[in-house]
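A.B. asks: Handing you this structure, nothing more for now.
Every number here is computed from the coordinates shown, using simple stated rules; none is lab data. What you are looking at is a predicted structure, and each value in this text was computed from that prediction instead of being measured. Positions of Cβ are generated from backbone atoms using ideal geometry, with glycine treated the same way; all protein chains shown enter the neighbour counts.
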Amino acid sequence: MAIAQNFQGKTDSGAKEPVAQGGKYLTFHLAAEEYGIEILKVREIIGLMKITHIPKTPSFIRGVINLRGKVIPVLDLRLRFGMDTTPDTEQTCVIVVDMSTVVGTMMMGVVVDAVSEVQNINQDQIEDAPKIGSHDETAFILGIAKIKNEVKILLDIDKVLTDADFSTLESMAESTTGELALA
């Protein structure tokens, strides 16, 4: 199905903000910080492969990959979060996730510095996301997990991209094959 059909009219549903729930999270590193994504959102983890850059896209969109015949957009989480770039290493990898939108689910590759582990995080180890900056700037933070004197930032992967970002992906799809992989 064409991305133009899948992302038109994406609006804020006005639903209650999600709160991090206890459960299994895939943890990974970006710079010196550790993050987590709900394991149910993760399809697979792949080594870094050739990424085809698409002109006129935001710097945090690295491009697209061909994953077993499906064209999947790839975003660099470091750049999306305003961090400095670093050279890719042997530990750099792509986490393929299912991103939920108002109109369905879309596969997206997310470049991270290194994957740590799948960790079971109990509800009593999670605090609400701190109220820092404007809501739009931190809407992607589900909560903060406190485990053995360490802090892990739990992400709502569905909110890492904004409506404007999805519009960019729509344009990107039109300039490539006209379609992006849907879950």
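A.B. asks: Fewest Cβ neighbours within 10 Å first, please rank K146, K50 accordingly.
C.D. replies: K50, K146
A.B. asks: Sorted by average packing, counted as other Cβ atoms within 10 angstrom per residue and highest first, what order do 82-91, 122-131 take?
C.D. replies: 122-131, 82-91
A.B. asks: If packing is taken as the average count of other Cβ atoms within 10 Å, what order do 68-76, 41-49 fall into, highest mean first?
C.D. replies: Ranking the peptides 68-76, 41-49 by packing returns 68-76, 41-49.
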